[in-house]
Structure formats: C-alpha cells, structure tokens
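The values are calculated or read from the model by the stated rules, or taken from the named source; none is laboratory data. All of these numbers come straight from a predicted model, not from anything done at the bench. Don't worry about glycine lacking a Cβ; one is built from the backbone with ideal geometry, like all the others, and counts go over all protein chains shown. When the accessible area is computed, the model is the full protein with side chains, heavy atoms only, and any ligands, DNA or RNA have been set aside. Shrake-Rupley method; radii C 1.70, N 1.55, O 1.52, S 1.80 Å.
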Amino acid sequence: MTTVVDVYVAKDYKSDLKPIWCPGCGDFGVVQAIYRALANIGRAPHEIAFISGIGCSSRIPGYTTAYGFNTVHGRALPIAQGIKLANPELLVLVAGGDGDGFSIGGGHVAHAIRRNLDLTYIIMDNQIYGLTKGQLSPTSPKGMKTASSSFGSMEDPVNPLLYVLGYGARFVAQGTPADMAGLAAVVEEGIRYPGFAFINVQSPCITYGEADQQLKAQKQRLEPLASLGHDPSNRLAAMELAQAYGTKLYTGVFYRDPAPGPTFEDLARERQAQLEGQRVTREHVLDAFRPE
Amino acid sequence: MTRDLVIGMAGSGGDGVVAAGEALMTAVALDGYYAMLTKSFGPQIRGGESSCRLRVATVPVPSPGGTLDVAIALNWDDFLRFGGELPIGGHTVVIYDSATGVAPDQIPVAGVRPAEVVPVAIGEMARKAAGTDKAKNTIVLGLLAGWFNLAPQHIVSGIRKRFAKKSAEVVAQNERAFQSGLEYAEAHPLTSDCRLEGAPADAPPKLVTDGNDMCAAAAIFAGCEFFGGYPITPSSEIMHFFNREIWKHGGTMLQAEDEIAGIGAVVGASFAGKKAMTATSGPGMSLKTEMLGLATIAELPLVCVNVQRGGPSTGIPTKSEQSDLWQAAFSAHGDVVRPVLAPVDVADTFGVTIEAFNIAEHYQTPVVVLSDQDIAQRKESFDAIDTSVFTLEQRRRPTEDELRDYLRYRFTESGISPISHPGMKGGNYLAAGIEHNESGAPTANGEMHAKMNDKRIRKFRPLAGRHDLFVVDGPDDATLALVGWGSLAGVLGEAAAAARAEGLRVKTLVPKLLYPVAADVYARFFRSVQAGLFIEQSHQGQLHRLVRMFVDLPPGIESLARSGSNPIDAGLVLARVRQLARGLQQARAPMVEQVG
Ligand SMILES: Cc1ncc(C[n+]2csc(CCOP(=O)(O)OP(=O)(O)O)c2C)c(N)n1
Ligand code: SF4
C-alpha cells in the first residue's frame with residue numbers, strides 16, 4: 001500500500017472569491033503572506049479554521065480555501081477558542097483589524113493570552129477604521145484628523161505590542177506587506193509556535209490612511225529586529241523595543257518564550273484523561289441524584 | 001393525619017435552617033415521599049437571615065404551597081423578614097425558640113390567629129444535649145420527627161453521614177440533640193393533628209435535585225460536549241455541574257471573561273461540530289443577543305439557557321420572574337425565529353433540555369431554554385426517570401456524495417441543508433454573520449437575502465405541529481380555561497384541581513414550546529372556552545400578549561399577571577376562577593328568561 005502525501009503550494013490556499021479591498025490595500029499582501037506560510041507548513045485546507053471579526057481586514061478568511069468564519073465585530077477570539085477546545089487537532093488562525101481587536105474586542109485579548117491556546121492572532125493594524133469609512137482607531141496617533149476627529153484626535157493611542165507583552169504573551173512579532181518574505185516568515189513562525197502567537201501587521205489603508213504609513217514609506221524605514229542583534233528570549237528588551245511603536249517600524253520577532261509550557265488544550269486533554277476512569281455512562285447521569 | 005404538609009423555617013445565618021431543610025428533604029425522599037424545598041436568603045452573602053420551605057406529600061408536589069402548616073422560628077425577627085414567603089394562616093402551628101422574648105399571645109402576625117403557638121427552649125436544649133448552639137437545627141429536626149411523623153431513622157443516618165467527616169464526638173452530639181427534640185415532642189403532644197400519613201409501602205425510590213443540576217445533567221445526557229459561560233445568579237450551578245462532570249465525558253468547559261465570550265466559544269464549538277451550551281440570567285442574556293443573531297444566520301445549533309430572575313437590569317438576582325419571554329423571542333435585529341422552550345418543574349427540566357438540543361441540532365439554530373430561579377434553585381423529590389424513552393438528534397451531515405459539489409446553505413425543500421465542519425474534506429465553506437449565497441459567499445443581493453430569510457424561517461414550520469410540547473388537561477368541552485408556563489404550571493394545576501372539586505368545568509394548557517407560537521394548538525384549545533386566565537409572573541403578562549399576536553382569543557380571556565418576589569399561589573388563582581365562573585353564570589341568566 002502506498003500512502004499519498006499531499007504537497008500544497010500557495011495557490012491551494014487561494015479561494016475563488018475575488019477580494020473587494022480597495023486596489024493598493026495592504027491586506028492583499030497579508031493574504032499572500034498567509035498563503036505562503038501555509039504552503040510551507042503544508043496542512044490540508046480542510047483542517048484549518050480561519051476566524052475573523054468584522055472590518056475590511058476581517059474579510060480575509062473568505063479569500064482562503066480553509067474553513068472560514070467571518071463572525072461579529074470584535075469577537076473572533078472567543079469563537080476561535082471554542083473551536084480549538086472543541087477540536088484541538090485543527091490549525092486555528094484568527095485575524096482582524098486594530099479596531100476589531102483593540103477597541104470592541106480589546107477585553108478578549110488579555111484572556112486569550114492568559115489561556116494560551118495554540119492560536120495565531122494576526123492584527124492588520126492600519127491605524128484607522130476602514131470598513132466604516134475612516135474614523136479614529138485605538139492605534140491612530142494623537143492629533144490625527146479623521147471623520148470622527150475633525151480637529152485632531154485627543155486620545156493617546158494604544159501600543160498593541162506593549163499591551164500584549166504586558167499581558168504575558170508568549171510570542172509577539174511584527175511584520176508588514178512592504179517586506180513580504182519577512183511577513184510570511186513571522187506568520188509561519190507564529191503558526192508553528194506551540195501556544196498563543198500574536199502578530200501585528202502594519203497593513204496600510206490606502207483610502208483613509210496617512211501618507212507616511214503607506215508601503216513605499218514603510219519600505220524606507222523598516223528595521224528588521226534581527227539586524228539589531230535583538231535577543232527574542234528577552235521579554236524586557238522586547239518591551240523596550242516595543243516602546244518605539246508609532247515612531248519606528250521594527251519587524252520580526254520581539255519575543256518568543258523559550259519554554260512555552262503546556263497550552264490550555266493540553267491541560268484540558270490531561271484532565272480528561274485523569275478523570276476518564278470516573279465516567280458514568282450517559283444513561284446513568286441521573287444516578288447522582290439518588291439520595292443516600 | 002394529613003397527606004400534605006407545608007413547613008417553613010427561618011433563622012439567622014448560623015442557625016442552619018437551610019441545612020435542616022436539606023436534611024429533612026433527603027430523609028423524606030428516602031421514605032418515599034414527594035417533596036419540594038425552596039430556600040430564601042436575605043441580601044447578605046454569609047451570616048444573614050435565611051429561610052426554607054418544605055412541602056412533603058404522599059402525592060407529587062405541584063408547588064411550594066400557600067400558607068404554612070408548620071412555622072418554625074429560631075428567631076422571630078428573622079422569621080418576619082420573610083413575611084410574604086412564609087405566610088401564617090389560621091391553621092398554622094407556630095413553633096419558636098422561647099428565648100426569643102416573645103410571649104405566645106404576642107406572636108406578631110397582623111390579623112392572623114394561628115391554630116397553635118408552641119414556645120420551645122430550642123437553644124437551651126441544644127446547649128444541654130450537644131454543648132453548642134450550633135445543634136439548634138438538629139433539635140428542630142427531632143421536634144419535627146416527633147410531632148409530624150417525619151422519617152426519624154433516615155434523619156439519624158443522615159446525621160451520621162453528614163458529620164462522619166468531622167468526628168465521632170460531633171456525630172454523638174447531634175444524635176443526642178435529635179433525640180432530645182424527639183423526646184420533647186413525644187412528651188408534649190400538640191393539640192392539632194397534622195401528623196403526616198405514611199408514604200405508600202410500595203413507594204418507589206425517589207430522586208432529589210434542583211433544576212440547575214438537572215439542566216446540566218440533561219445536557220450531558222443529550223451529548224453536549226462543550227459549555228461556555230460566565231457566573232451569574234441564579235444560573236451558575238449549571239456551570240459548576242459541567243465543571244465537575246464534563247471532563248469525564250471527554251468534553252470541555254470554559255469560564256469565559258464575560259457572557260459574550262461564553263456564548264462566542266459555544267458558537268465556535270458548534271461550528272467545529274460539537275453539541276454545545278451556555279447558561280446565564282437576565283443581564284447576561286442581554287449581552288448574548290448579538291451572538292444569537294450570528295448563530296441564526298450562520299445556522300449553527302446551540303442551546304442557551306436563561307434562568308430568569310427579577311429584572312430589568314440587575315433587578316432582583318435571587319428571586320424568580322417570568323419576564324424575559326419577549327426578550328427570548330424577539331431580541332434580535334432582522335427577521336429571526338428563535339425557538340424558546342420552558343420546563344415546568346425540576347424533573348421536566350430533563351426532557352425539555354434534551355428537546356432543546358434536539359430542536360437545535362435538527363433545525364440548525366440557537367434554542368433558548370427559559371428556566372426560572374424558582375425551578376432552578378428549588379429541590380424536588382420525584383420518581384426515577386426512564387431515560388430510554390428519549391431519542392437524541394444529530395445535525396444532518398453531508399454524505400460523501402453531497403460533499404462532491406457541496407453547498408453549505410443549499411436551498412432544500414425543508415430549508416435544512418447538510419452541515420459540515422472543519423476537518424471534513426470537501427465540506428470547506430465560509431460561515432458568516434453577513435448574508436451569503438448557497439455556498440456561503442457574501443452577498444448584498446436583495447433577492448438572495450429574501451430567499452435566505454425565507455429558508456431560515458420556513459424550516460421551523462414543523463414546530464407548529466408539535467402538540468407533544470403542550471400539556472392539555474381537563475374536559476375537552478370545558479368553558480373555563482387556565483394557561484400558564486414554567487414554574488407556575490404546578491400552581492395552575494393545583495388551582496384547576498380545586499376548582500374541579502367544586503364542580504367547575506376547567507381545563508388547562510401548559511405550553512413548553514413558547515415560541516414560535518403554535519397557533520393551531522391554542523385555537524383548538526380555546527374552541528369551547530368562554531372565560532379564562534393566563535397566569536404569569538411578570539408585570540405585563542408576556543405570554544398572554546405574545547399569544548395574542550398570533551391567535552384570536554375568545555373575548556373572556558384575561559391576564560392574571562404579577563411581578564414581584566411573592567409567587568402567585570393556587571388560592572389566588574382559584575379565587576379568580578370562581579369569579580370568572582360567576583360572571584359566566586350571570587351572563588347566561590337573562591338568556592334563560594328571554595327563552596322562557
Ligand atoms: C457591534 C458592531 N459595532 C459596530 C460595527 C461597525 N463596524 C464594522 S467594522 C468596524 C471597524 C473596522 O475597523 P478595524 O477593525 O480597524 O478594521 P479595518 O476595516 O480597518 O480593517 C466597525 C466600527 C459592527 N459591525 N458591529
Ligand atoms: S478602506 Fe482601507 S482597509 Fe479597507 S479595503 Fe480600502 S484600503 Fe483596505
């Protein structure tokens with residue numbers, strides 16, 4: 001008997017759905033990088049669940065051949081965790097915008113990190129709300145003029161990198177479609193990381209975004225962390241570098257916990273195994289209610 | 001001798017009245033009695049006043065009962081704090097700790113003279129027999145066993161089991177306390193005779209539990225493998241039960257960061273192919289609304305339990321109400337039909353929860369189970385349930401053949417399309433909250449939206465014919481009718497039985513499927529009816545108005561609806577039924593004269 005080993009190439013992950021992003025949107029590059037990363041990993045598309053919230057960026061699962069779920073605004077992470085717990089064998093990807101992840105869904109990020117399921121969370125950080133036509137986002141720089149901040153934003157932006165490092169994230173990286181090879185590499189590394197991985201992608205909005213955030217400008221100023229000699233096992237050094245969010249554009253891995261430890265689903269399986277001996281057949285669930 | 005005894009007890013936190021009630025409940029269940037135990041606490045989390053109410057009978061107990069047959073006060077002030085829940089009547093025997101400083105003729109209950117008032121030095125007896133005030137509740141158990149014939153052997157074996165973990169000395173202390181109460185009762189007989197008849201010798205063994213544990217057990221029986229939730233009174237025990245049991249069945253649970261995440265994880269687990277459930281109460285239900293809409297359009301099965309409490313907002317967390325019906329049925333944007341079911345008592349929670357999973361799986365939809373604090377947190381003893389009568393449904397998966405040109409949302413005659421899940425080769429699709437075509441691809445096409453809405457609503461048509469989800473009782477041609485749901489079903493049955501005993505022709509309807517409204521069932525039921533009542537624990541009479549949206553009711557149908565923490569009892573319903581009957585008679589009288 002011969003076993004057939006399926007080999008996948010990038011286009012096996014590309015669906016027939018035609019993206020409706022504005023021409024020039026950074027998200028085109030993000031989906032390309034994901035195709036590449038998935039091909040390198042080689043999991044069959046039907047074993048991948050790709051979950052997103054709502055926003056331009058959240059359309060991304062539809063452009064892949066994986067099982068996709070384009071859910072409601074801000075709630076991709078809880079749904080993805082339910083999927084992974086229900087079936088730990090699946091490769092589960094989660095994606096969304098900066099608004100989706102750090103405004104409406106901000107409350108979920110800390111807990112996804114704390115629980116540490118083996119998920120890869122990709123934020124397409126364009127510092128603006130694209131889908132609703134150009135309002136302030138939680139990562140918009142202070143002073144930025146948008147449809148909802150005509151006279152300039154009066155709020156400090158959140159720093160997604162520092163946030164997740166502060167919450168205790170075990171894998172934190174940043175990429176940009178201005179550097180496709182680098183982006184595909186961090187996505188692949190994030191997926192391979194055995195635990196919750198966070199990847200911030202500086203994916204520019206060509207329609208409502210600032211000029212200095214566009215791909216061309218990014219290319220000029222991006223600095224690979226590897227070239228700085230940064231040690232990704234050093235959380236404090238990672239936090240130091242993360243401070244530069246909004247001024248510098250570091251790419252690559254900020255932090256990778258060298259001793260990842262068990263994931264939530266590992267612990268769940270362990271508990272199931274421990275307690276299996278105490279299982280009563282379903283027909284006997286009511287026996288617990290027999291008084292003695 | 002009586003076949004039915006209602007006992008109410010109240011005391012301070014340390015008095016252990018609830019523990020005494022629980023011990024009594026177990027003992028009488030072992031004796032083969034039917035019983036119902038309800039508990040009530042003051043606002044303080046620990047150490048405040050608490051009360052319980054136990055109704056014991058030789059026949060199934062339909063409700064907590066009206067005024068007490070026996071009132072036990074370890075402290076009068078604490079007792080009076082539960083005035084509405086522990087009402088004293090002309091037939092009540094009042095037993096209280098004489099150390100409380102109230103004289104028998106001073107028992108301060110406005111306008112009521114109890115049948116008998118018995119001061120007992122309960123605290124002093126406890127100190128003498130056990131050396132501690134803590135044994136007051138065991139003294140009470142002895143008094144009850146002696147005066148009312150309540151399961152002495154089982155109480156003693158209960159004491160042994162309960163304190164076995166502590167020490168032999170504590171067991172002995174409590175046995176002495178029990179004995180001392182028992183002897184006191186035997187030496188000082190009551191004048192009123194309210195000893196309980198013995199349970200039938202062949203009484204089958206009973207089960208004892210509350211609605212929340214029953215709900216979780218039923219879900220596990222139904223094959224639920226995932227629970228996601230967030231603590232909220234009075235639903236949390238459902239999560240606690242899952243946490244203790246689900247791992248043993250290879251399943252998982254998640255205490256999420258909030259209700260949105262709780263139901264989100266459930267939506268995810270369902271998408272991944274598993275039966276999944278969440279449970280919450282009022283405010284949590286509000287938060288889950290957006291996800292319920294998502295599961296509706298993505299056509300994902302799930303069960304969402306709402307253990308109703310007093311609302312709106314934080315309302316009264318520890319008291320029951322039936323005021324979330326409209327929310328369950330309608331809180332969604334867009335065109336949505338969301339099945340809503342309600343159990344009528346603890347035992348019934350088993351079947352109704354299983355039915356909720358069956359409907360969810362079959363129709364690929366979220367289903368809301370509206371339990372209420374009363375059912376959820378009261379304990380009942382009931383006959384063993386034959387689990388072999390339940391069938392379990394699984395969502396319809398695509399066959400190998402169907403996977404060859406798979407369309408997740410394929411238009412079928414029934415509106416139900418086979419559902420795949422990640423891991424299933426060839427079944428890959430995009431689920432979404434956004435409108436989609438048959439394959440799942442997003443669309444903003446109005447015609448497609450109309451067709452999809454039609455598919456999603458049409459599929460529920462067979463539910464209208466589910467007569468088995470309605471309980472009709474009484475003469476088919478009765479002119480008087482009672483309708484009620486949830487925990488009030490028992491009250492309604494009790495009132496109807498009393499009315500029939502008075503010669504009134506009354507029939508009852510108890511819907512367990514509340515929404516979609518099965519118009520035919522109501523129309524058929526009301527055909528012979530000239531006057532009737534919808535009995536509900538809400539201010540606006542939510543079921544009455546909901547049914548009227550879909551059914552033309554006869555003119556004499558009224559609403560008996562009341563919010564507030566004091567439940568509607570059978571006496572109140574009976575009084576209204578008599579009124580309706582008189583009204584019908586008067587209306588008929590002039591007709592007779594005309595004919596003559
Ligand atoms: C509960 C809810 N509130 C608001 C919206 C409207 N909404 C859709 S996408 C979005 C923000 C999108 O911004 P972002 O998440 O940064 O993604 P982008 O479109 O920029 O990729 C908003 C506010 C919604 N769909 N649901
Ligand atoms: S609005 Fe911005 S983010 Fe949205 S598709 Fe267009 S360019 Fe991309």
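Which ones in segment A:197-216 are without any contact (Cβ under 8 Å) to a residue 40 or more places away in the chain and either within 15 Å of ligand 2 (Cβ to nearest atom) or out of contact with any helix residue (DSSP H, G or I) (no Cβ under 9 Å at 6 or more places or on another chain) (or both)?
A:Ala211, A:Gln214, A:Lys216
For segment A:124-167, filtered to residues that are open to solvent by less than 60 Å² (accessible area, probe 1.4 Å) and at positive phi, the residue that is farthest from the chain's Cα centre (by Cα) is A:Gly152. Taking the criterion of being aromatic (Phe, Trp, Tyr) and within 23 Å of B:Phe350 (Cα to Cα), the residues of segment B:235-293 that qualify are B:Phe241, B:Phe242, B:Trp247. Scanning segment A:281-292 for residues being part of a loop (DSSP other than H, G, I, E, B), within 21 Å of B:Leu30 (Cβ to Cβ) and more than 7 Å from every other protein chain (Cβ to nearest Cβ) gives a total of 1.
For segment B:460-474, state whether one or more residues are under 25 Å from A:Ser15 (Cα atoms), crowded, with 16+ Cβ neighbours inside 10 Å and of a type in the set (Phe, Trp, Tyr). The answer is no; no qualifying residue exists.
Please enumerate the residues belonging to segment A:254-280 that are in a helix (DSSP H, G or I), open to solvent by 90 Å² or more (accessible area, probe 1.4 Å) and either farther than 19 Å from A:Leu85 by Cβ or within 7 Å of chain B (Cβ to nearest Cβ) (or both).
Those that are in a helix (DSSP H, G or I), open to solvent by 90 Å² or more (accessible area, probe 1.4 Å) and either farther than 19 Å from A:Leu85 by Cβ or within 7 Å of chain B (Cβ to nearest Cβ) (or both): A:Arg271, A:Glu276, A:Gln278.
Can you go through B:Gly65, B:Gly123 and tell me which one is among the small types (Gly, Ala, Ser) and open to solvent by 10 Å² or more (accessible area, probe 1.4 Å)? Every option except B:Gly65 fails the conditions. Entry remark, segment B:223-237: residues being surrounded by fewer than 24 Cβ atoms within 10 Å (Cβ to Cβ) and facing chain A (nearest Cβ under 9 Å) number 2 in total.
Taking segment A:82-115 as the range and being under 24 Å from B:Glu225 (Cα atoms), more than 14 Å from ligand 1 (Cβ to nearest atom), of a type outside the set (Asp, Glu) and in contact (Cβ under 8 Å) with a residue 40 or more places away in the chain as the test, the residues that pass are A:Lys84, A:Leu85, A:Pro88, A:Leu90, A:Leu91, A:Val92, A:Leu93, A:Ala112, A:Ile113, A:Arg114, A:Arg115. Which residues, counting only those in segment A:64-96, are within 16 Å of ligand 2 (Cβ to nearest atom) and open to solvent by less than 10 Å² (accessible area, probe 1.4 Å)? Correct list: A:Ala95, A:Gly96.
Could you tell me whether any residue of segment A:141-161 is hydrophobic (A, V, I, L, M, F, W, C), touching a strand residue (DSSP E or B) at 6+ places or on another chain (Cβ under 7 Å) and either near ligand 1 (Cβ under 10 Å from one of its atoms) or under 26 Å from A:Arg256 (Cβ atoms) (or both)?
yes
Among all positions in segment A:41-50, there is at least one residue which is surrounded by fewer than 24 Cβ atoms within 10 Å (Cβ to Cβ), in a helix (DSSP H, G or I) and more than 11 Å from every other protein chain (Cβ to nearest Cβ). Strands (runs of 3 or more DSSP E) wholly in segment B:270-382 with at least 1 residues that are out of contact with any Ser or Thr (no Cβ under 9 Å at 6 or more places or on another chain) - which ones? It comes to B:276-280, B:366-372. With respect to B:Thr92, is the statement that it is closer than 19 Å to B:Val18 by Cβ, touching a residue at least 12 places away in the same chain (Cβ under 8 Å), crowded, with 17+ Cβ neighbours inside 10 Å and of a type in the set (S, T, N, Q) true? Answer is no for this residue.
Might you check whether a residue that is under 15 Å from the mean Cα position of the chain (by Cα) and open to solvent by less than 10 Å² (accessible area, probe 1.4 Å) occurs anywhere in segment B:321-330?
For segment B:321-330, residues under 15 Å from the mean Cα position of the chain (by Cα) and open to solvent by less than 10 Å² (accessible area, probe 1.4 Å): present.
Looking across segment A:168-179, the residues that are within 23 Å of A:Leu117 (Cβ to Cβ) and surrounded by 18 or more Cβ atoms within 10 Å (Cβ to Cβ) come down to A:Ala169, A:Arg170, A:Phe171, A:Val172, A:Ala173, A:Gln174, A:Gly175.
Counting only residues that are touching a residue at least 60 places away in the same chain (Cβ under 8 Å) and not aliphatic (A, V, I, L, M), which one in segment B:418-435 is farthest from the other protein chains (Cβ to nearest Cβ)? Selected residue: B:Glu435. Screening B:His240 on (1) surrounded by fewer than 23 Cβ atoms within 10 Å (Cβ to Cβ); (2) within 12 Å of chain A (Cβ to nearest Cβ) shows it passes everything except condition (2).
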